[in-house]
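This report concerns only the one structure given below.
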Amino acid sequence: MPHGSGVPTTRSLPCSCTRWSAVPRPTGVSSVAFDTPSGLADFDAWVIRTVLNPQSPLFREARYLLAEETEIRDPALYHSVLGAIAAGNIPTAASPASLAGSLPRSPIRFNVLEDCALIAREPDLFRPGRATYRVTEPLIIFYEAIMRPEWFRLESGMAEAVWRDQRADFLSRVAVAAFRNPLP
């Protein structure tokens, strides 16, 4: 939710929304914000009723994460970069400048995304002096991989159809990233 709205954002809670059930619920916050799947059998229904539901606080949270950052002047450009990194379309590079050259409307300031803790620069163990980037916020990964390409259908109330169509992408792109880079 927008900064100052009284509803917790993933930035204000430890380890993102994936652990909301372990956080005491603040007074006056809707129970929708603390809905968690009752088990693996409930996971698909939970995604549809919470994350992909336009009436849920989580629905626009990934967009608000960028909007809250004062250093980010062009959220669309930064969403493009986050989407490219989340999709694995950012090549390993020696410097952010060489990465930015492959993106539209360059230059991009990768240090802004690093300072906001939305991406991490990690050394390439096989090529000295080079690095790889990864998105660190699970909700941003989910948004870029699943929600952003389907935004119109989601806002049109087609969450079930979107999830049916995107579930395989979730398993291959989002869930794999979560296991590769587990939360602290």
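Between Asp74 and Asn111, what is the label-to-label distance in nm when each label sits 7 Å out along the Cα-to-Cβ direction?
Here the modelled spin labels are 1.9 nm apart.
So for the pair Ala45, Ser172, with labels modelled 7 Å out along Cα→Cβ, what separation do we get in nm?
2.9 nm
Values quoted throughout were computed directly from the atomic coordinates according to the rules given, and no laboratory measurement underlies them. In this text the structure is predicted, and so the values were computed from the model without any measurement. Here Cβ is always computed from backbone atoms with ideal geometry, including for glycine, and neighbour counts include all displayed protein chains.
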